[in-house]
Structures are given as C-alpha cells and as structure tokens.
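Computed from the coordinates by the stated procedures, all read-outs in this text should not be read as laboratory data. All values reported here derive from a predicted model rather than from experimental measurement. Every residue, glycine among them, receives a Cβ derived from its backbone with ideal geometry; neighbour counts consider all protein chains shown.
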2 protein chains.
Amino acid sequence: MTNFKLYCFGESGNAYKPALMLQACAVPWQAVFVDFFNGETKTEAFRRDVNIMGEVPVLQHDGRTLTQSGVILDYIAEATRKFGYKSEDERREILRWMLFDNHKLTSPVASLRYLITLMKKPEDAVCDYLRKRALGALGVLNAHLSDRSFVLGKRTTIADFSLCGYLYYGEELPFDLEQFTHVMNWLDRIKSLPGWKHPYDLMPRKA
Amino acid sequence: MTNFKLYCFGESGNAYKPALMLQACAVPWQAVFVDFFNGETKTEAFRRDVNIMGEVPVLQHDGRTLTQSGVILDYIAEATRKFGYKSEDERREILRWMLFDNHKLTSPVASLRYLITLMKKPEDAVCDYLRKRALGALGVLNAHLSDRSFVLGKRTTIADFSLCGYLYYGEELPFDLEQFTHVMNWLDRIKSLPGWKHPYDLMPRKA
C-alpha cells in the first residue's frame, strides 16, 4: 500500500479524525502541514489545487484526492479493511452518526473552541448559542453511549473516530465535558487503542 | 413496495429533502405530522420511540426506522434504484457533498431562517455569524455548479436533494439567494423534475 498523505494541522479536530484512524490502522502516512492560521485554506491556490471547500483535512492516496473527514474515514476503512461496516445497515448507522457529528456536534464544538480558545474572543451571544448546541449534542451522544461501549455497539468503527475528533483537546474545550460520564468512559476506551496519540503529538503545528 | 412513512412538517427543509425525493421517485408515501413548534421532538416519548436525536425527518419502511436526512436519502436510493451512486467513487463524492451540506450549508441556513423568519427574533450577533457562514457555503456551492448541471455532473443524485433542502423557501430566507446565479439555475433544473412540489404543498403544517 502506498503512503497516505494527509493535509492537516495540530489544532484541527477534523484532521485528527483520519490522523487517529491511520495510527490505529498502523499504516504509514505522511502529514502535510497546512498553515490555516495564516489563511492558507482561504487562498485561491488552495481552493483550486487542493480543496474547493477551503478546508482540511484532505487525503491523497493512489492518485485520488479526498475531502471531508467522513469521506476520508470511509475511504481508509475500505483501503485497510479496518473499522468499517459489515452490512448496508451498519453502513447507514455509521453514516447516521457521522452526519449527526458534523451537523450537531463537531460544528458547534469546533466553532466555540476556535472563538474562545484559539482566537481569544470574549464570551458573547454567539458563544452562548454555540455552547447550548454543543451541550445538547453531547447529551444525545451521552445517552446513546449509556449502554454500549462504542457508537455501533461492541466494536470501534469510523463513527467513533468522527465523533471523538474534538474531544481530546481537554482544557481547550470551553465547557465541562466531565459531566458526560458515558462520553468520558468511551473516550478512555478509544484512548486505549494501540497507537493512540494526542492531536498535538500526531499532527504538525506552527512553530 | 410497501409505503414509505415520513415523519415531517412543512417548515422543515431537512424533511423536505426525502419528501421531494419520494415525489421524484413517484413512489407512494405517507406523511406523519410532527408538531415541532409545540415541542414534540423534544419530548421523552419522541426520543424514546422515534428518534434519540430528537429531530425530523424519520423514515419508517419495511420494519426499519431511519433518521438523518442523508441516511434516508441513501436508503430511498437503494430501495428505488434511483438517484443513487453507480460506483464507490460516486458514493464518496455524494457523501462529500452531503457532509458539506449538513455541516456548512443547511446548518447555518436553517438556523438563521428559524431565528429570523419563524421565531421573529431581532437581528443580532448570532444572525451575523450564521449569515456569514451561510453565504460562505453558498459561494462554495455556486463555484462548484459553475460548470456542471448537478452536483455530480449531468445526473441528478441524492446530493442535489440534500443541498437544495432549504433553498425553495424563497422570501423566508433572510439573505439574497439570487446573487448566486449558478445555484439559482440549478434550483430551476431540480424544479423541472417530474413531481416537484414546494415544501408547503408536500408536507403538513399546523392549522
């Protein structure tokens, strides 16, 4: 298998999703640093040559360029035959949680951390709005995990890698994650997978 | 094929996505009205019996209960053999745009319309924040549609039904959609599919 090349940067939980999965699959991969904080993803060159959506992660492999973390996770599952679905019903159950993650969980969590922690903006109405949505989504995930080890049951899948993307940033998260006991226990289970690393130990950051 | 049963309400663009697709597939389906504006999706009974995520749409068919519009579109494509993917690369390209839709387009567009048009809240910082994100996502879609008829090229797919979900509400959208010429032309193309109806002519509303 040729090397996977992942466009990423340390602060991106969306890039962490496939980075963590590549680690857990124990396949060789190479990180390509994207200088997000100096506007690289907003440049015309990046949109033209790498991703019209102006976002990381981007995965290049075997002549393909793939974008959107959920698509990349799906592709790595097919390429490695690990952490994927075993039936069409499983494929749709994974898709259900990846869509929920993108729309309801990652979206407000990532935006809130960006504003408060990375941009150091003062708390305002936007933060209240995002925090309420983030906590609502975490409540849904917590309820779902109350009687199962992983999102699909007993087995780790790409749905877990998607949903956990922003949740290992610890003190950078501007809300109390520890109130969600089942989520915390699930994060511990993912953390014990061979190869697990913190986002900042896995992806390059600006010096 | 047994009837499809779709939990929905007229104001939900997310429910419109599968409702429009069922129309375009010309299969029999039944709408089950969900009283969202009186809090039905937030009740314990709804979360327990219908959808733990507390959202519409929900599709019931052949003993299955499916949630998340993207999952439902995927399922209808498989059941009807219409508007789906023809290869794994197409499946992932559709997934890419459905994830983009959920995360970047539908999320701010639906939230902004909800606050301004449906809840009649005054413009504030949250609206500015959502409008900026909605317009950014529409710009990406507009650029993508500048040289193709539909999201995947020449053929209508479930990616189109996903992305257009909130864009037929016309004057209810609190921003200028007409500036996005390629998006407007694409909406006209979808509108000319046999069976097309406006969301309010397709799904029940509170009297």
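Annotations
- Using the Cα coordinates of the protein assembly as shown, the gyration tensor eigenvalues translate into equivalent-ellipsoid semi-axes of 31, 24, 24 Å, sorted from longest to shortest.
- Put the Cα centre of segment B:174-205 next to the Cα centre of segment A:117-181 and the gap is 34 Å.
- Rg and Dmax [Cα atoms of segment A:88-191; Å; Rg one decimal, Dmax integer]: 13.8, 46
- Enclosing the Cα atoms of chain A in their convex hull gives a volume equal to 123 cubic angstrom per residue.
- Taking the C-alpha atoms of segment B:4-95, convex hull volume expressed per residue in Å³: 97
- For segment A:31-121, applying the loop criterion from DSSP together with a ceiling of 12 other beta carbons within 10 Å to the trypsin sites (Lys or Arg not before Pro) yields A:Arg81, A:Lys86, A:Lys120.
- In sequence order, calculated HN-Hα J values of segment B:185-199 (Karplus, 6.51, -1.76, 1.60; Hz; x Gly/Pro): 5, 5, 4, 5, 5, 5, 4, 8, 5, x, x, 3, 9, 5, x
- Ascending distances from the A:Thr65 label point to its copies in the other chains, with the point 7 Å along the Cα-to-beta-carbon line: 4.3 nm.
- Applied to segment A:91-102, the Karplus parametrisation 6.51 cos²θ - 1.76 cosθ + 1.60 on θ = phi - 60° returns per-residue 3J(HN,Hα) values of 4, 6, 5, 5, 4, 4, 7, 5, 5, 4, 4, 4 Hz, with x for Gly and Pro.
- The alpha-carbon of A:Lys132 sits under 23 angstrom from the alpha-carbons of these lysines, leaving out residues fewer than 8 places away in its chain: A:Lys104, A:Lys120, A:Lys121, B:Lys42, B:Lys104, B:Lys120, B:Lys121, B:Lys132.
- Between this copy and the others, label points of B:Arg155 are 2.9 nm apart in ascending order, each placed 7 angstrom from Cα in the Cβ direction.
- Across the identical copies, how the B:Ala143 labels are spaced - nm, sorted shortest first, 7 Å along Cα→Cβ: 3.9
- Most fluctuating residue given options A:Ile94, A:Ile52, A:Ile158, as computed from a GNM of chain A linking Cα atoms under 10 Å: A:Ile52
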